[in-house]
Amino acid sequence: MWKTILRRLILMIPQVIILSVLIFLIAQAMPGDPFTGLINPNQDPAVIERMREAAGLNDPWYTQYFRWIGNALKGDFGQSFIYKLPVATLLSGRISNTLWLSLLTVILTYVIAIPLGMLAGRYQNSILDKVVVVYNFFSFAVPLFIFALIALFIFGYRLGWFPTGGSVAPGVTGMAEFWSRLYHLILPAITSALLGTAVTIQYLRSEVIDSKSLDFVRTARSKGVPTSKVFSRHVFRNASLPIASQMGYEITSLIAGSVVIEKIFAYPGVGKLFIDSIVQRDYAVITSLTLILGLATLIGTLLSDIIMSIVDPRIRIQ
């Protein structure tokens, strides 16, 4: 397996190169530049042009690309024109916030989805199954931004149970800081998890229904194995394969797809930073974030293959 993983990592190198070139060209194709907002009747155009020249924006695109990618390999992603900070410094705190939000969302998603999917499949066509199916249709159909706004209004503004922005209360340290961060994470994570269970529940329910009639399940029942053990040890392991194959994608998609949640809850993560950078045409931040999210997607593909081989010993990455 380790040789295969190493081979996959080597194959990722040309993918990353192609990805970086596309990201850079798309960013260059965006209208305007970081200094466009400075244009006004009272501003001397020559001053703005000198600023563009000093920033290297007038160089050929390939010169700018090799300068950018060369610095990126050294950990230098450039300078943010808007925040006046190195991009690496700007991203360090934001990435950790998004990772914690994504991790808690994944945990809550599977804590909700796995029991509901197992119960719905085990008690097919029962009232419980119908309730789970209705919830599944609801979670699949309701737009995330609508549900997030409703949750923020009710639990944040009306009831005041949760904070309406930020990632930690000011001035706290030690364990108080940890609990404050967790408190700020709860509402956006639960909101995202409740609508992120649809695919997992549907996969698991369908697989449990199919697995109930397979030979190994009937054999276990005929040997007198209790029903609870049949479902927990045999049916669940077989039914969890589709979920395991998507787990790596789930984690990386949450990191990349946190834009809506972070913007609505004013949570200082990479999603909110990404939107703000696009609006303000902060090219250094845009290209760096897009490259990092693209790398996360490639790593998610590798993680899914590894998780599949761990869950099912019959599967080996070829």
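Filter segment 79-101 down to the residues that are among the small types (Gly, Ala, Ser) and surrounded by fewer than 20 Cβ atoms within 10 Å (Cβ to Cβ) and list them by number.
The answer is Ala88, Ser92, Gly93, Ser96.
Report every pair of residues separated by at least 6 positions or lying on different chains whose Cβ atoms are under 7 Å apart, first residue within segment 40-60 and at negative phi, second modelled with pLDDT under 70 and outside any loop (DSSP other than H, G, I, E, B).
Close Cβ pairs (under 7 Å, with a partner that is modelled with pLDDT under 70 and outside any loop (DSSP other than H, G, I, E, B)) amount to Ile48/Leu38.
Within segment 14-32, identify whether any single residue is over 27 Å from Gly269 (Cα atoms) and either in contact with a Gly (Cβ under 7 Å, 6 or more places away or on another chain) or modelled with pLDDT of 75 or more (or both), and answer yes or no.
Taking every residue of segment 14-32 in turn, at least one turns out to be over 27 Å from Gly269 (Cα atoms) and either in contact with a Gly (Cβ under 7 Å, 6 or more places away or on another chain) or modelled with pLDDT of 75 or more (or both).
Output the residues belonging to segment 275-303 that are in contact with an Asp or Glu (Cβ under 9 Å, 6 or more places away or on another chain) and either more than 19 Å from Gln15 (Cα to Cα) or among the polar types (S, T, N, Q) (or both). Walk me through it before giving the result.
Of segment 275-303, the ones in contact with an Asp or Glu (Cβ under 9 Å, 6 or more places away or on another chain) are 275-276, 281-283, 285, 300.
Passing the criteria: Ile275, Asp276, Arg281, Asp282, Tyr283, Val285.
Just one of the numbered conditions (1) open to solvent by 50 Å² or more (accessible area, probe 1.4 Å); (2) more than 18 Å from Ser102 (Cα to Cα); (3) within 21 Å of the chain's Cα centre (by Cα) is not true of Leu194; which one?
Exception for Leu194: condition (2).
Report, by residue number, each residue of segment 117-140 that is touching a helix residue (DSSP H, G or I) at 6+ places or on another chain (Cβ under 7 Å) and open to solvent by 50 Å² or more (accessible area, probe 1.4 Å).
Leu119, Arg122, Tyr123, Gln124, Leu128, Phe140 - these are the residues of segment 117-140 that are touching a helix residue (DSSP H, G or I) at 6+ places or on another chain (Cβ under 7 Å) and open to solvent by 50 Å² or more (accessible area, probe 1.4 Å).
Could you say which residue among Phe66, Phe77 is at pLDDT below 80 and of a type outside the set (D, E, K, R)? Let's see the steps before the verdict.
Working: Phe66 fails: at pLDDT below 80.
Result: Phe77 is the single residue among Phe66, Phe77 that is at pLDDT below 80 and of a type outside the set (D, E, K, R).
Quick check on my filter: what residues within segment 165-185 are within 18 Å of Ala266 (Cα to Cα), assigned to a loop (DSSP other than H, G, I, E, B) and open to solvent by 50 Å² or more (accessible area, probe 1.4 Å)?
Pro170, the sole residue that qualifies.
Would you mind stating whether Tyr65 is over 21 Å from Gly269 (Cα atoms) and either open to solvent by 90 Å² or more (accessible area, probe 1.4 Å) or in contact (Cβ under 8 Å) with a residue 60 or more places away in the chain (or both)?
no
Is there a residue being modelled with pLDDT of 75 or more and over 22 Å from the mean Cα position of the chain (by Cα) anywhere in segment 34-45? I'd like the intermediate steps shown before the answer.
Taking segment 34-45 first, the residues modelled with pLDDT of 75 or more are none.
Checking segment 34-45: not a single residue is modelled with pLDDT of 75 or more and over 22 Å from the mean Cα position of the chain (by Cα).
Results for (1) in contact (Cβ under 8 Å) with a residue 12 or more places away in the chain; (2) among the hydrophobic types (A, V, I, L, M, F, W, C); (3) closer than 27 Å to Tyr183 by Cα, shown as yes or no for each residue.
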{"residue": "Gly75", "(1), (2), (3)": "yes, no, no"}
{"residue": "Leu85", "(1), (2), (3)": "no, yes, no"}
{"residue": "Ser92", "(1), (2), (3)": "no, no, yes"}
{"residue": "Ser96", "(1), (2), (3)": "no, no, yes"}
{"residue": "Leu101", "(1), (2), (3)": "yes, yes, yes"}
{"residue": "Val106", "(1), (2), (3)": "yes, yes, yes"}
{"residue": "Ile114", "(1), (2), (3)": "yes, yes, yes"}
{"residue": "Arg122", "(1), (2), (3)": "yes, no, no"}
{"residue": "Val134", "(1), (2), (3)": "no, yes, no"}
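Take segment 138-158 and flag every residue that is touching a residue at least 12 places away in the same chain (Cβ under 8 Å) and either among the basic types (Lys, Arg) or assigned to a helix (DSSP H, G or I) (or both). It would help to see each step written out before you state the result.
If we filter segment 138-158 for residues that are touching a residue at least 12 places away in the same chain (Cβ under 8 Å), which is where we start, we get 139-140, 142, 144-145, 147-149, 151-152, 155-156.
Selection gives Ser139, Phe140, Leu144, Phe145, Phe147, Ala148, Leu149, Ala151, Leu152, Phe155, Gly156.
Within segment 105-112, can one find any residue that is within 18 Å of Val199 (Cα to Cα) and open to solvent by 60 Å² or more (accessible area, probe 1.4 Å)?
The answer is yes; a qualifying residue exists.
Looking at (1) free of Cβ contacts under 8 Å to residues at least 24 places away in the same chain; (2) within 25 Å of the chain's Cα centre (by Cα), which is the one condition that is false for Ala189?
(1)
The values are calculated or read from the model by the stated rules, or taken from the named source; none is laboratory data. Predicted, not measured: the structure shown is a model, and the values here were computed from it. All Cβ positions, even for glycine, are placed from backbone atoms using ideal geometry, and neighbour counts span all protein chains on display. Accessible surface is based on the protein model in full, side chains and every heavy atom, while ligands, DNA and RNA are left aside. Shrake-Rupley method; radii C 1.70, N 1.55, O 1.52, S 1.80 Å.
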